[in-house]
Structure formats: C-alpha cells, structure tokens
Amino acid sequence: MKLRLIYKKILNAFFILLHGKITKSNKKIKNLKIFKINEINRENLSKYKYRLYNVKNGRVFTDYVENVSIISGNQLIEKASFQQINGKLNNNKNQTLISGTPKFIKELKGSLIILTQGASAHNNYAHWMLDILPKIKLILSNIPVNQIKSIYFTRLKKYQYQSFNFLGLNSIKIIDANYFRHVKADQIISVTHPYYFKKKWFYAQSNLPSWIIRFLRNDISKKVKSKKKGYDKIFIDRSDSLQNHCKLVNNNEVIEFLKIRKYKSLKLTNFNLPEQISIFKNCKSIIAPHGAGLANLAFCKKKTKIVEIIPSDNKSLLYKRISEINKLKYKSIYLKKIHNNKNGDMNLNLDVLKKHL
C-alpha cells in the first residue's frame, strides 16, 4: 500500500512538471467566453443563472468517477468544473488543484462539447434523463446541431443512443472519457449543471426545475407515437438492478399479490427507450421501489397514480417533485432499512400496500 502511494506521488509530480500546476483563477481568463442562457423555446430561465462556457484551446481532465476539471492554460474554471464528494459539490477541493492532471493529453481538432460529469450519468438512467439530456438542451439553445462535431462522454448505451436520435445527434462523434481522461481541443464547450445549484445533491434533486420535465415531454415523449398496449397497471421489478439498495426482500411475494390485482410486473431493462416512454405515457397506475426507472414519470399523463416504495433513510424527493410538475397522484411508502441482506434492503408488508391501492 505504501509503495502504491509513493508511486502515485511520483507520477503526479512527473505530470505536474510536464503539464504545470493547476491553480484557481482570480483574474479574467483571456481565452474564456461566457454566455447567458435565459430562454429555451420561449421559456424564461433567467432565475437559474445558466451559463455556457466556451474555452479556446482548453483542456478537460476527469477521473471518470466524481471529478471533471475544465482548464484554460493552467487555470481551473471552477464554475464550469464538477467535483462531487460524498454527495456534495465542492470545487474548492477539485482534484486537479492537488494532483494536477496525471494523464497524457489527447489533442483534438475543432470544438468539443463536455457532457461527462462522473460515474452517475455514465451508467444511471435517471441522471442521463435529468442531467445530461437537459445539458444538451441548454447547449443547443446557443449552438446549432450542425455545428456540434464531437461530444466528450462515454460509449453510448442503447437508450442513450436512442435519446440522441430524438434530438438529431445520432451522427455526432463520441470521445470516450473513460479511455481519454485528459483532452485538449480548439474549443471546449460546457454548460452549468441543469439543477445542481445548491451544495447538497438531495436538496437539488428535490427542487428540480419544471422546464426539464417539459423539455423531456415536448422534445422526446411527443416523438413516440406507438402505444404499448396492456400496461394500464404496472409494478417495476428492480431485481435486475446491479445495485442492492431500494430492493424488496419479499419481491416475489409482492409480484404475486399485485398480479391478482391485474398489475403487470416489469423489468425495465427488457424494454428499449421508446417502449418505456410509451408504457409510462399510457399507464394509469404505477407501483415501484425508488430507483432510476422512475425518471419515466416525466412521461406520465395527469392523474396517473404513483406509489413509490422508499427506504426511510433516503432523503430524495425527486419523484415526488416530478409528480408535482406533471400533476400525478403521488403517494409514498417509507420502510425501515434492512441491513446485510443480499436480497435487498426493504420488506413491504402486504397489508400496508393494500391500503395504498
């Protein structure tokens, strides 16, 4: 372990000599242009103070997990960078200020749109829908689609590629942030996070701006015309999730209980993006443990009934907030968290569930 730390320090020192030490910027940066984003499709966004950052001959460094650093010369552009530590934003502790940029540079021609923000958005459906796609919308408010040549993110999953199709971005070149951790381009373009205004993640999610949901409905949902029939009442089965949290230890029991009441049990990984949108657009009642799939509440019609099952220590009000925006009939069932059970962390009493139906 000590040898590993010594090696890391030597490596960091080498790259600081090679690329220079990264410092905070206290003065105006010559190669940086900042543009206000006050309007999207005639919707006023001025209260959110969105900004688009355009850096000439800029650099981006990421650890692919929780740090994204946008750099001009050797100055960190703090407001355009992203550093999450234990669920909180803290750019005062941006990794590059300590360790520099310990990777060789990949040099690119033209402009590069920065969408990466760490592991959450690379692999999580909800963060993709609520963080990354709105970022694209903000960027497209200032830059036409035909001027976007390459995007810094990661290899797209099927639902992500389908999202790009809806937005007319399917021919865009993707620069893989996992493979190229340190890049330089003629122009680096990034944008303010769509809703992470406060320092705490749960607070930010629970105050999601309503324009994000309207954008998903108008720019994506309306393009799905076909109706996926037979899904009036659904239960979201999270047993296929790679994560152990927000899972029911009595999942099969709940499925059988709801089956009698004509609820269809769905694993959302079995459906592509247009199918998921169609199901949520047309269903009338949804029961689900807290999880990324509930981002699809953005596509539900007014008065759709929602029952979210959530551990009592989970502070997120995200899906309650989306339900408020879409005028859904939302209820929650909070359950005491179970520890050290490989099958999940919640047990749902069927009598409790029955009262919510």
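The values are calculated or read from the model by the stated rules, or taken from the named source; none is laboratory data. Here the structure is a predicted model, which is why all the values come from computation and not from measurement. Neighbour counts run over all protein chains shown; Cβ positions are idealised from the backbone, glycine included.
A compact table of results
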{"item": "Answer from 317, 357 - the residue that is out of contact with any His (no Cβ under 8 Å at 6 or more places or on another chain) and within 17 Å of residue 232 (Cα to Cα)", "result": "357"}
{"item": "Residue check for residue 308: in a strand (DSSP E or B) and among the acidic types (Asp, Glu)", "result": "yes"}
{"item": "Check on residue 24, basic (Lys, Arg), surrounded by 11 or more Cβ atoms within 10 Å (Cβ to Cβ) and either in contact with a strand residue (DSSP E or B) (Cβ under 8 Å, 6 or more places away or on another chain) or in the same structural domain as residue 96 (by TED's automatic domain parsing) (or both)", "result": "yes"}
{"item": "Among (1) touching a residue at least 24 places away in the same chain (Cβ under 8 Å); (2) under 20 Å from the mean Cα position of the chain (by Cα) - the single one residue 83 does not satisfy", "result": "(1)"}
{"item": "Near pairs, Cβ below 6 angstrom, 6+ apart or cross-chain, from segment 160-174 (in the same structural domain as residue 133 (by TED's automatic domain parsing) and surrounded by fewer than 17 Cβ atoms within 10 Å (Cβ to Cβ)) to any residue that is among the charged types (D, E, K, R) and assigned to a loop (DSSP other than H, G, I, E, B)", "result": "none"}
{"item": "All positions within segment 326-350 that are crowded, with 18+ Cβ neighbours inside 10 Å, in contact with a Pro (Cβ under 9 Å, 6 or more places away or on another chain) and of a type outside the set (Gly, Ala, Ser)", "result": "335, 345, 346, 348"}
{"item": "Residue match in segment 268-279 (condition: touching a strand residue (DSSP E or B) at 6+ places or on another chain (Cβ under 6 Å), touching a residue at least 12 places away in the same chain (Cβ under 8 Å) and either not in a helix (DSSP H, G or I) or not acidic (Asp, Glu) (or both))", "result": "no"}
